[in-house]
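Structure record follows, encoded as structure tokens.
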Amino acid sequence: AIRYWLIASQILEVDENSLKPSEVGELIFNKKNGYDPYLEDDATIWLVHWLIASNASNATSFFWFFNHFHKPEFTQKELCDALHEFVSEQLGARTSTHTLKSDIALLLRMYEPTIDYRTTPIEEGLDSPLSMLGLINEISDTKYHESKLENRWNLPIASFSYSVLEIFGATQISSLRVEQLMMSDGIHAAPGAVFRLNDEGLIAKLEEMIAWLPGYFELRETAGIHQLYKLKDIQFVDVLAKYYNENRNSRLGEVVA
């Protein structure tokens, strides 16, 4: 199970039948000089979420839920039925109902909090770190769950910027319609969908990214269509280095003060 999740989260990758750290896995989790080997920064948790939810081949149910399923409120049965339809009609695969139910139960268990993090430290609970993100919640005293689009002001800009760079890399084009970043095309993950951003939240994050990485991106409107342009090349390595180094310097400044 640990091996599977390390691959699903793209922290490890298969190399000639053996496993090795991926580039992002090495950068963040290397014990000696990784940016956040103990998963202490919220940006790392949001990034792990993106790496799982954008991994269509190794985390298919998670990719489906965050990129294809759009109902804000739902029951566990509705999720199972919708996933069964997707697997049968879109993927042309046959999967047992038991397997689908297990996948849905795991999804909810990973993302739904069972403790109140405002009053209880995470280390005192048994919840997954992903449950801290607030992307899926159980509606009290009902059989319903919710996963709503919000502004997500708490979404760290590094995690968001990483996701945008991945879409530029996957599509190999220099401009993206904002719509492409909001809704998945069925092949690529979409930051707006994966992070459960509403329209206002997505635009706000794009503007924040443009200000944080000046000279690299620009938002333009042509014939009523908003597009994000990549003006010059920047790698996700540079984005992560900028964010974690800024955070480290900020913490050091607080200690000195």
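The values are calculated or read from the model by the stated rules, or taken from the named source; none is laboratory data. The structure presented is a predicted model; accordingly, all values stated were derived computationally and were not measured. Here the Cβ is made from the backbone with ideal geometry for all residues, glycine too, and neighbour counts use every protein chain on show. Remember, those area values only see protein heavy atoms, side chains included, never the ligands or the DNA or RNA. Shrake-Rupley method; radii C 1.70, N 1.55, O 1.52, S 1.80 Å.
A few remarks follow.
- Contacts under 7 angstrom Cβ, first residue in the range 47-65 being crowded, with 22+ Cβ neighbours inside 10 Å, partner of a type in the set (D, E), 6 or more apart: S54/E166
- Close pairs (8 angstrom Cβ cut-off, 6 or more residues apart or separate chains): at pLDDT 60 or above in the range 106-134, part of a helix (DSSP H, G or I) and among the basic types (K, R) anywhere: S128/R109
- Residue count for the range 147-173, restricted to those that are open to solvent by 50 Å² or more (accessible area, probe 1.4 Å) and either in contact (Cβ under 8 Å) with a residue 24 or more places away in the chain or of a type outside the set (S, T, N, Q) (or both): 8.
- Residue list for the range 27-52, filter: within 14 Å of N245 (Cα to Cα) and in a helix (DSSP H, G or I): L27, I28, A43, T44
- I136 vs. criteria touching a His at 6+ places or on another chain (Cβ under 8 Å) and farther than 13 Å from P191 by Cβ: yes
- A82 falls short on exactly one of the conditions (1) more than 17 Å from E146 (Cβ to Cβ); (2) open to solvent by less than 70 Å² (accessible area, probe 1.4 Å); (3) among the small types (G, A, S), and that condition is (1).
- Number of the condition not met by E221 [criteria: (1) over 25 Å from Y35 (Cβ atoms); (2) modelled with pLDDT of 95 or more; (3) open to solvent by 80 Å² or more (accessible area, probe 1.4 Å)]: (2)
- Spans of helices (runs of 4 or more DSSP H) in the range 176-257 with at least 2 residues of a type in the set (K, R): 236-256
- Selection from the range 88-105 of residues that are open to solvent by less than 90 Å² (accessible area, probe 1.4 Å) and at pLDDT below 90: S88, G92, A93, T95, S96, T97
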